[in-house]
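Peer 1: Please find one structure pasted underneath; my questions will follow.
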Amino acid sequence: KDRESGKIIFPEHIPLSKLQQGIKSGHYLQGTYRASRDNYLEATVWVHGDAEEKEIIIQGLKHLNRAVHEDIVAVELLPKGEWVALSSVVLQDDGQNEDDIETEEEKENILKTSVSKDMLRPTGKVVGIIKRNWRPLCGMLSKSEIKEARRHLFTPADRRIPRIRIETRQADRLEGQRIIVAIDGWPRNSRYPNGHFVKNLGSAGDKETETEVLLLEHDVPHQPFSQAVLSCLPKMPWSITEQDMKHREDLRHLCICSVDPPGCTDIDDALHCRKIENGNIEVLSLSLSLFIIIWSFIYFFLYFTNSAVVVTRIDMVPELLSSNLCSLRSDVDRLAFSCIWEMNHKAEILKTRFTKSVIKSKASLTYAEAQMRIDSATMNDDITTSLRELNKLAKIMKKRRIDNGALTLSSPEVRFHMDSETHDPIDLQTKELKETNSMVEEFMLLANISVAQKIHSEFPEFALLRKHPAPPPSNYDILVKAAKSKAIIPDFLFFFLPSFQNLEIKTDSAKALAESLDKAESLTFPYLNTLLRILTTRCMMQAVYFCSGMDNDFHHYGLASPIYTHFTSPIRRYADIIVHRLLAVAIGADDTYPELRDKHKLADMCKNLNYRHKMAQYAQRASVTFHTQLFFKSKGVVNEDAYILFVRKNAVVVLIPKYGLEGTVFFEEKGKPTPRLDYNNEVPSLTVEDTTLCVFDKVKVNIMLDASNIQHQKIRMVLVEPKVRPN
């Protein structure tokens, strides 16, 4: 059966020459198309203007007009009377009848809802494609129900990508396999694009196959290092030569130590603290030296950020460097780059200097081991004394940062305990942070800020910096509304909770936000403050690398710092390598690199660094999701406490503190009567039958693995308390 009907579904794309004229005249806008993960009938287009970025909402199949996630598109704005707000509906394309356009139109009506005028956003329609971003896609074949059919639908692993129609005679063999498909085109009379089969990756659900899928889907380079790269590495055994010592300071006599997570082999920073003759304190933060730059071939090869999935680590550099020669391990000589401060006892910096050095770490400690030394009543050796002084200074520095408006946010991180033989997760818990985590963080932040100041003073036009833009006020709407909804309490409780009556989140500045978060405490709801900080994290913009000569706004909003960069992790971040090179030139310890003096090339490099960093983060999250599914696969149904984070029109998103796990509780299920739903965007709340659910409400949910769709297995959550349906 030929599923390409003659009926025209989509408007015609305007030719590129006319699009360019329209963009030049301002009639059309050019931007990046970003499909929604939660609603296949909705997308946004980010328009990159000279002054600021603009987000345009696109809703409805015809307005989406065959654009695919990350395409560069041309958009025509609709009249203001047709502007909409982003919907709060979760809609997935079930693909049951690809020719039933009337059903699609019915679904589009669900998106339309009455909202206040201030919530309406610029809305448009895609009128043409400027540049396609089609790439090979991982996913699974949805075999046609028609016997001996050659045409089948392919469902991508990424929900933002539409299904693809392919022709193949191998459907029986490919069913249940993870495969790669490429898009060929998308005719106006076809609900889905056409494509072709490329490669079979292996059985769905297999750990190796799924890891390969998530790395490919997030464009994480993971092929083994070539022999050409490996041949550039130093021959072993390696040792420091007299030539190495000529331009380096010998710090091997100092009591330096590193503090890292357990099992860490790529130790790229270390600390030391001692009192000096004038009564002040000398603090050293040491980052590994630019061992990598010697191997010029690798310079061209490295262009991404380390990525760690749950059971696999993909190194940015070969293991000989990352876990050995560039790792500041204890009891071996290592080349380092040192940032040295002279401070008084108020943690005020009196002098700062930078030097290439040779060190010999006296201990490689975990956070727990360092904390045990600090807390011990009997240990008073040089390492322990140094750690105590560092911790004392770090507390002062942290308080000063927070007083200046730095944000202390929250984002639950999980740690898996793996079976030593099967490598399956056997336990899942949120990570515990100790004082020593904060201690190390404070000195890493200080080193990054100090280096940023130095390289920018020397190279104002081509310093590689990192900024965190302030969020637009609209980003905070959900946070402010959620806080206000919790401030309304019954009168008879007022005498017990007087401070709770005035719960208000101020977002005028980072300092106002930080102060209002600090005040948002409740004796009867101790987890409230954590929930507010988690929600605040979701309001933030993404921090980005940039070239100082191409931007005027250097401010880091979250850290409340006027300038910032990344210096402390050159084993796992390419940006830090560039910063090391700039710093080496700034202090006269190295020759310049001509390409670093070209601000346009540096800006292009920053763009790539931002992309690689983002994709590495997404790959890590996808890996955590997959291993969370493996964990619950053997658990059956688990009942746990949860808190509502977000409210949608037909669902609520909950957080389970015990596992640091988020999930969506749906109230519309196939084959069951749909309950009466009343969504209130202002509170925000969702009333299901006669039960009202608000943001931050505590509930009980059943957690289980839903494996009914092997392509998109998911953690399913069902509300147990409060009961919202009659028995």
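The values are calculated or read from the model by the stated rules, or taken from the named source; none is laboratory data. Being a predicted model, the structure only gives us computed values, none of them experimental. Glycine gets a Cβ as well: all are built from the backbone with ideal geometry, and neighbour counts include every protein chain shown. The accessibility values were calculated without ligands, DNA or RNA, using every heavy atom of the protein model including side chains. Shrake-Rupley method; radii C 1.70, N 1.55, O 1.52, S 1.80 Å.
Peer 1: How many residues are open to solvent by 60 Å² or more (accessible area, probe 1.4 Å) and touching a helix residue (DSSP H, G or I) at 6+ places or on another chain (Cβ under 8 Å) when one looks only at the range 659-692?
Peer 2: Number satisfying all stated conditions: 1.
Peer 1: Step by step: first the residues of the range 266-303, then only those that are modelled with pLDDT of 80 or more and loosely packed, with under 15 Cβ neighbours inside 10 Å, then the one that is nearest to Met372 (Cα to Cα). Which residue is that?
Peer 2: Step by step, filter the range 266-303, then rank; the result is Arg274.
Peer 1: Something else about it: Conditions: (1) at pLDDT 95 or above; (2) surrounded by fewer than 19 Cβ atoms within 10 Å (Cβ to Cβ). Ile183 meets all but one. Number of the miss?
Peer 2: Checking Ile183 against (1) at pLDDT 95 or above; (2) surrounded by fewer than 19 Cβ atoms within 10 Å (Cβ to Cβ), the one that fails is (2).
Peer 1: In the range 137-174, which residue that is charged (D, E, K, R) and either touching a Leu at 6+ places or on another chain (Cβ under 6 Å) or in a strand (DSSP E or B) (or both) is surrounded by the fewest Cβ atoms within 10 Å (Cβ to Cβ)?
Peer 2: Looking at the filtered set, the residue picked out is Glu167.
Peer 1: For the range 556-601, name all the residues that are part of a helix (DSSP H, G or I), under 19 Å from Phe354 (Cβ atoms), more than 20 Å from the chain's Cα centre (by Cα) and not basic (Lys, Arg).
Peer 2: At the first step, the residues of the range 556-601 found to be part of a helix (DSSP H, G or I) are 574-586, 594-597, 599-601.
Adding the requirement that they be under 19 Å from Phe354 (Cβ atoms) leaves 575-586, 596.
Filter again for more than 20 Å from the chain's Cα centre (by Cα), leaving 577-586, 596.
Within the range 556-601, Ile577, Ile578, Val579, His580, Leu582, Leu583, Ala584, Val585, Ala586, Leu596 qualify.
Peer 1: Here are Val720, Val647, Val701, Val695: which of them is at pLDDT 90 or above and open to solvent by 20 Å² or more (accessible area, probe 1.4 Å)? Give the steps one after another, and end with the answer.
Peer 2: Details: Val647 fails: open to solvent by 20 Å² or more (accessible area, probe 1.4 Å); Val701 fails: open to solvent by 20 Å² or more (accessible area, probe 1.4 Å); Val695 fails: open to solvent by 20 Å² or more (accessible area, probe 1.4 Å).
Matching residue, one of Val720, Val647, Val701, Val695: Val720.
Peer 1: If I filter the range 62-79 down to residues being of a type in the set (D, E, K, R) and in a loop (DSSP other than H, G, I, E, B), which single residue comes out as surrounded by the fewest Cβ atoms within 10 Å (Cβ to Cβ)?
Peer 2: Applying the first criterion (of a type in the set (D, E, K, R)) to the range 62-79 yields 62, 66, 70-71, 76.
Those still in the list that are in a loop (DSSP other than H, G, I, E, B) too: 66, 70-71.
Details: Arg66: 22, Glu70: 17, Asp71: 21.
Looking at residues that are of a type in the set (D, E, K, R) and in a loop (DSSP other than H, G, I, E, B), I get Glu70.
Peer 1: Could you give me the residue pairs with C-beta distances under 9 Å whose first residue belongs to the range 201-221 and is without any contact (Cβ under 8 Å) to a residue 40 or more places away in the chain and assigned to a loop (DSSP other than H, G, I, E, B), whose second residue is of a type outside the set (A, V, I, L, M) and crowded, with 20+ Cβ neighbours inside 10 Å wherever it lies, and which are 6+ apart or on separate chains?
Peer 2: Taking only residues 6 or more apart or on different chains, the pairs are Asp206/Arg178.
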